[in-house]
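What follows is a short report on a single structure.
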Amino acid sequence: MTPSEEPPTKAVDIYRDTWVRFLGYANEVGEAFRALVPVSMVWATYGVATVYVTADAVDKGKKAAAAHGDSPGRTAKVAAAVVDTFVWQALASVAIPGFTINRVCAGSLYLLGRATKWPLPVRKWTTTAIGLSTIPFIITPIDRSVDLLLDSSLRKIYGGGEKQD
């Protein structure tokens, strides 16, 4: 294959293709540590995740603005990119996984209290380990579920169901 025949390479999205993506999961780490740290620290992790979500939405808006130049409907396309990204990230990176890890940890702490005679600090650290180890397993199913949800709802309103990459 000659260089001119090679498929074009997709640009690296700093918010989705690099370590920066993990900032969106800061609140899941906070939820996993909820039993061990002050609640203010947990809320601070939600602040980190929210800044990440907002930065990605702004980035996608800027890219949409550049891609559509002065074309008609530019404002609507930029707004759709920002809204799609913000809603997707808020659900897939913050709300759903945060709730999931919170419930996994709460359930684990409760079950460990009922099923073991371990001291409370051991139960809390075990709960944190369970919460942290759950994070990698929930990411892909949640991402796919949020895609399906948005494809069947919000994306139908503003652009034929196209996902903002």
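The values are calculated or read from the model by the stated rules, or taken from the named source; none is laboratory data. Keep in mind that this is a model prediction, so the values were computed, not measured. Accessible surface areas use protein heavy atoms only, side chains included; no ligands, DNA or RNA. Shrake-Rupley method; radii C 1.70, N 1.55, O 1.52, S 1.80 Å.
In the context of the full set of protein chains, residues of the chain present 59 Å² of accessible surface per residue (probe radius 1.4 Å, heavy atoms only).
Per atom type, the chain shows carbon and sulfur on 68% of its accessible surface, probed at 1.4 Å. The structure shown yields Cα Rg over 2.2 N^0.38 Å, and of the options (i) 1.12; (ii) 0.95; (iii) 1.29 that calculated value carries the label (iii). Against the chain, whose longest principal axis is taken from its Cα atoms, helix 96-115 shows a tilt of about 10°. Rounded, prolate or oblate for region 1-95? Axes are the square roots of the Cα gyration tensor eigenvalues, ordered a ≥ b ≥ c, and the cut-off for rounded is a/c under 1.5. The shape class here is oblate.
Here the 3J(HN,Hα) profile of region 61-71, calculated from phi with Karplus coefficients 6.51, -1.76 and 1.60 at θ = phi - 60°, is x, 5, 5, 5, 4, 5, 5, 9, x, 9, 5 Hz, Gly and Pro shown as x. Indicate the gyration tensor shape class of region 64-141 (rounded, prolate or oblate), computed on the Cα atoms with a ≥ b ≥ c the square roots of the eigenvalues: a/c under 1.5 is rounded; otherwise a/b larger than b/c is prolate and the rest oblate. It comes out prolate by the Cα gyration axes.
For region 47-55, the Karplus equation 6.51 cos²θ - 1.76 cosθ + 1.60, evaluated at θ = phi - 60°, returns couplings of x, 4, 5, 5, 4, 4, 4, 5, 4 Hz by residue, with Gly and Pro reported as x.
By its C-alpha gyration tensor, with a ≥ b ≥ c as the square roots of the eigenvalues, how is region 9-64 shaped: rounded for a/c under 1.5, else prolate for a/b larger than b/c, else oblate? Display every interim value, and only then the final one.
Details: a/c = 5.67, a/b = 2.30, b/c = 2.47.
Oblate.
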